[in-house]
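Please treat every number below as a calculation from the coordinates, not as lab data. This is a predicted model, so every value here is computed, not measured. Cβ atoms come from the backbone with ideal geometry, glycine included; neighbour counts cover every protein chain shown.
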Amino acid sequence: MSATMRALTSLAALIGFYLFALAIIAGLMIGGVLLTQASGPAGLKVILVAGVAAVGVVIALWKVATFKPEPAPGIDVGPDEAPELWQLVGRLAQTVGTQPPAQIRLVPDLNAAVSEDTRMLGLIGGTRRLYLGVPLLQGLTVTQLSAVLAHELGHYSGSHTRLGPLAYRGREAVVATVQQVGGVIGFFLKQYAKLYILLSQSMSRSQEVEADRLMVQIAGRPAAQGALRELPVLDAAWSFYTANYISMGWEDGLAPAPEEFFTGFGRLLAGRGDELAAIRGEAAPAEKSKWDSHPPIAERIAAMDRIPDSGSGTVPDERPAAALIPDFAARTAAVADTTVAYAGKERLSWSELVHRGGAAANQRTADTVYRAAARLTGRETATLSSLLELAQAGRLGELVQQVAPGAPPEASREVIAVALRAGAVQAGAARYEVSWTGPAVLADRSGSELDLEEVAALAVDPGTVRQAAERIAQLGIDAGGVGLISTEATAHGGDVVGGIADMKVDGTVHDMLILDNGLILAKRLDKRTEGKHRLVALAQSGTVAELARRHTFIPYENVAAAELSGGITVRATLTLHDGGQVTLKEPMSADRLSKESADVFRALLGRYVRQPA
């Protein structure tokens with residue numbers, strides 16, 4: 001099918017969506033008029049519903065019509081700044097049979113993509129851009145990047161980029177309309193929307209197959225398949241890097257400096273070679289969904305075996321793809337400085353970031369222990385000496401159940417170890433050191449790894465607590481001088497694991513996000529928007545720590561006991577350590593963030609249900 005026919009097909013489906021919507025609205029209007037003539041008020045209600053739906057359609061169309069997508073944020077690299085890269089792109093474009101892009105832009109994502117500013121619904125082309133993700137350049141060889149470039153430029157030769165804006169705007173229009181229009185009309189429009197998106201995604205998959213063919217024919221089958229196999233490996237590495245390194249200290253206002261942001265990923269790739277090799281040995285992803293815009297990688301690799309290969313004679317270039325861009329470190333620092341949402345965060349070296357971020361995270365966990373110890377001892381605060389006193393009295397089991405209800409007795413050793421690590425850092429006897437081959441290392445003043453497991457083992461046994469105290473003093477830690485820092489629990493480090501909209505909290509309607517460390521309760525302000533959309537918007541409106549500060553936050557550690565009831569809906573009464581109570585009641589009509597939200601809620605709060613003696 002030609003580019004023009006594809007565009008017309010997509011346009012026809014989009015027009016059909018609005019004709020369908022207008023037909024339903026017109027039918028309701030006519031029916032309302034007839035009903036008004038027969039019975040009066042009932043018909044007026046139908047006309048009102050149709051009018052509201054019509055307004056929703058107009059608002060959605062206006063939003064989409066006035067929306068102008070901007071180029072992805074990043075740093076442009078000109079021909080004089082990266083001549084070898086531009087020459088490679090030019091040669092591949094000529095081979096593919098298309099014009100090269102006018103701009104090449106470095107972006108922060110693990111991705112490569114092309115775009116084109118178009119007019120007349122994609123029938124007339126415009127400025128072309130090639131986007132190259134910095135992590136991709138760090139992880140691929142020049143040969144593998146050449147294969148990826150051949151694929152992306154293949155989208156130009158097939159005029160796929162001219163369809164992109166139309167397909168994107170079409171999806172935006174359809175989704176915006178469905179969100180604006182509710183009730184019976186919204187239900188039927190949602191079914192059509194599913195059909196439209198399925199058609200759009202099917203077209204996207206066929207475009208990927210076409211581009212893969214050029215990828216093999218130009219770069220050769222080994223390079224093409226090798227690049228595809230490497231993508232999930234790099235994706236796993238980048239996800240790990242952002243979750244375990246970039247995010248370290250992020251909620252505390254700390255971030256890697258621009259010049260460190262991407263260099264750390266290069267160090268990770270070098271340091272975790274064995275782990276990455278193990279991932280490469282796994283089968284390529286084969287999961288398949290009709291909603292995907294790309295075929296599964298395993299399916300694409302298998303299909304390449306059937307494509308004629310005319311590029312296998314190319315001599316492999318095993319240099320890192322980053323070698324194609326002079327001053328790569330400086331340019332990637334500019335990418336980070338331009339695109340990362342620093343928003344006032346303190347920019348640190350990896351050495352300082354890992355120490356301060358690791359110390360803050362461990363101290364928060366230790367503070368949970370110290371707050372529990374303060375409750376058990378009836379004091380306003382607690383120190384490491386307080387924990388040793390509880391251990392001496394044989395009460396560590398009570399402390400563990402306060403910190404982690406249902407945990408086995410042996411968990412007491414880790415509870416003490418957390419406090420020991422925090423105490424060593426507070427006393428200046430240790431600091432966290434960055435490691436690119438494993439977790440951050442707690443090191444003593446000499447730089448050697450500080451192993452506190454033996455001391456923790458002594459501390460949990462009432463018979464050897466005194467020996468543990470002596471060892472602690474020998475390490476330069478004043479047990480009575482280190483301890484609780486924050487008297488209030490926060491949501492730092494929590495993950496959203498569920499949500500329930502329209503939850504009645506002591507009679508007032510809230511939207512509730514379920515975290516793995518507490519509940520965020522936001523008063524419902526807009527009841528017109530569907531509950532699930534409100535929950536998603538709430539979860540995306542900030543970090544969990546920010547959300548907990550803006551709204552009501554109930555950390556699980558503040559819960560002394562819970563009563564759970566109800567079957568289909570959630571019912572709970574929470575008794576807090578300060579004596580207060582909170583009642584939670586889910587109405588039958590409530591929306592949930594996921595099907596498992598109620599089960600997750602019951603599992604997390606079920607730990608606090610008092611069992612009969």
Listed by chain and number, the aspartates and glutamates with an alpha carbon less than 20 angstrom from that of Lys527, same-chain partners under 8 positions apart left out, are Asp502, Asp506, Asp511, Glu586, Asp591
Everything considered on the Cα gyration tensor (a ≥ b ≥ c; rounded for a/c under 1.5, else prolate if a/b is larger than b/c, else oblate), segment 189-274 must be described as oblate
Rounded to whole angstrom, the alpha-carbon centroid of segment 571-613 lies from that of segment 203-263 at a distance of 40 Å
Normalised Cα Rg of segment 503-613, dividing by 2.2 N^0.38 Å with N its residue count, works out at 1.03
Expressed in nanometres to one decimal, the distance between label points 7 Å along Cα→Cβ at Asp506 and Glu275 is 4.5 nm
Karplus-derived 3J(HN,Hα) from phi for segment 573-582 (6.51 cos²θ - 1.76 cosθ + 1.60, θ = phi - 60°), whole Hz, x at Gly and Pro, runs 10, 9, 9, 8, 4, 7, x, x, 10, 10
Here, Lys527 and Ala473, labelled 7 Å along Cα→Cβ, have an inter-label distance in nm of 6.6 nm
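With Rg and the Kirkwood Rh both taken from Cα atoms, where does Rg over Rh land for segment 538-602? Intermediate results must be reported in sequence, preceding the final value.
Working: Rg = 13.3 Å, Rh = 13.5 Å.
Dividing the radius of gyration by the Kirkwood radius yields 0.98.
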Spelling it out for Leu348: with amide H atoms placed in the peptide plane at 1.01 Å from N, the residues 5 or more places away or on another chain with amide H under 5 Å from its amide H are Ala255, Ala257
Here the gain from full extension of Thr569 to Ala330, 0.36 nm per residue of separation minus their alpha-carbon distance, amounts to 80.5 nm
Rounded to 0.05, the calculated FRET efficiency for the beta carbons of Ser435 and Glu70 at R₀ = 41 Å is 0.55
Scalar couplings 3J(HN,Hα) for segment 548-562 by Karplus 6.51 cos²θ - 1.76 cosθ + 1.60 (θ = phi - 60°), nearest whole Hz, x for Gly and Pro, are 5, 6, 6, 10, 6, 10, 10, x, 4, 5, 7, 8, 8, 7, 9
Beyond 18 Å (Cα-Cα) in this structure, taken from Lys532/Lys595; Lys190/Lys504; Lys190/Lys532, we find Lys190/Lys504
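So, R0 is 25 Å and r is the distance between the beta-carbons of Glu454 and Ser385; what FRET efficiency does that work out to, to 0.05?
Once the sixth-power term is evaluated, E becomes 0.80.
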Taking 256-265, 91-100, 442-451 and ranking on average Cβ neighbours within 10 Å, highest first, one gets 256-265, 91-100, 442-451
Between the modelled labels at Asp292 and Ala26 (7 Å from Cα along Cα→Cβ) the distance in nm is 4.1 nm
